[in-house]
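The values are calculated or read from the model by the stated rules, or taken from the named source; none is laboratory data. As the structure is a prediction and not an experimental result, all values here were calculated from the model. Positions of Cβ are generated from backbone atoms using ideal geometry, with glycine treated the same way; all protein chains shown enter the neighbour counts. When the accessible area is computed, the model is the full protein with side chains, heavy atoms only, and any ligands, DNA or RNA have been set aside. Shrake-Rupley method; radii C 1.70, N 1.55, O 1.52, S 1.80 Å.
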Amino acid sequence: ALETGPAPTLRRRLAQLYIKSGRLEEAGKQIELGLQADPNDVSLLQLQGGVAAALKDLPTAAATYRKIIKLQAPDNEESYIMLASLYAQEGKLEESRAVLQELLAEKPNSVFGHYYLGRISEVAGKLDEAKEHYRHALKINSDADVIQLDLARVLIRQEREGEAKELLKEILRGNKNNASARRLLAQLLLKENKLSEAQEQFEALDQLES
């Protein structure tokens, strides 16, 4: 049964219904009412952060995720990632890096922390740092295709194409249906003028994409 008073649980349920129907402003009002009853309700705060981000109210979203981090650090990795993402969307790469470094100070073996710090470092053109963080993430989760693929891309940007090619082949040994790895490998083979090998990759890619 639904609760009769303005309890945070009821407000959260109403907010979720509004979010599902795309009525974000009404959802925000229900979240605010719920937080008046319990300002530290993390579930409501998570909804508030997501709604604020969707409405492009980045200051409110950032403040909300910072509050969740204060309440739950270092357990809530998602809030660190969301806050870092918000800063990155605004082009504040150093602020984004700082948040991820906070996460890694608390949880040095966070795959997400190393992976996203690698992404931010890559965007900032700090390729050595990006490579270091991708490799650290792979030590923790060695079979993550997406991390291997990003590392291969960094190696190509550093003109270490031989290493990149071996890494792409390793990805395909583990997952022959990885179209992104196969496409990138084909391009490298073309660049080396290895036309028959490149053709094999393109043919396999055609079969995947069909």
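For the chain, the per residue solvent-accessible surface stands at 55 Å², with DNA, RNA and ligands left out and a 1.4 Å probe. For the stretch 88-210, the carbon plus sulfur part of the accessible surface works out to 46%, probe radius 1.4 Å.
Restriction of the trypsin sites (Lys or Arg not before Pro) in the stretch 166-196 to DSSP coil positions whose beta-carbon has at most 12 other beta-carbons within 10 angstrom yields K176.
Note on R183 and Q89: their simple-model spin labels are 2.5 nm apart, each label 7 Å out from Cα toward Cβ. Given the alternatives (i) -0.50, -0.59, -0.83, -1.17; (ii) -0.40, -0.49, -0.83, -1.53; (iii) -0.36, -0.45, -0.76, -1.45, log10 I(q)/I(0) by the Debye sum over Cα atoms at q = 0.09, 0.10, 0.13, 0.19 Å⁻¹ as computed for this entry is given by (i). Computed from point charges on the beta carbon alone (+1 for Lys and Arg, -1 for Asp and Glu), the dipole magnitude for the chain about its Cα centre is near 220 Debye. When peptides 198-210, 134-146 are sorted by average Cβ neighbour count within 10 Å, with the highest value leading, the order is 134-146, 198-210.
Estimated from the Cβ-Cβ distance and a Förster radius of 41 angstrom, the FRET efficiency linking K191 and N141 is about 0.85. Rounded to the nearest 10 degrees, the angle from helix 77-89 to the longest Cα principal axis of the chain is 80 degrees. Partner lysines whose Cα lies under 16 Å from the Cα of K165, excluding those fewer than 8 positions away in the same chain, are identified as K131, K176, K191, K194.
Once C-alpha pairs closer than 8 Å and six or more residues apart are averaged by separation and normalised to the residue number of the chain, the relative contact order reads 8 percent.
Between the helical axis of 111-123 and the longest alpha-carbon principal axis of the chain there is an angle of about 70 degrees. Within the shell of other residues whose beta carbon sits under 15 angstrom from the beta carbon of E102, the net charge comes to 0, with Lys and Arg scored +1 and Asp and Glu -1.
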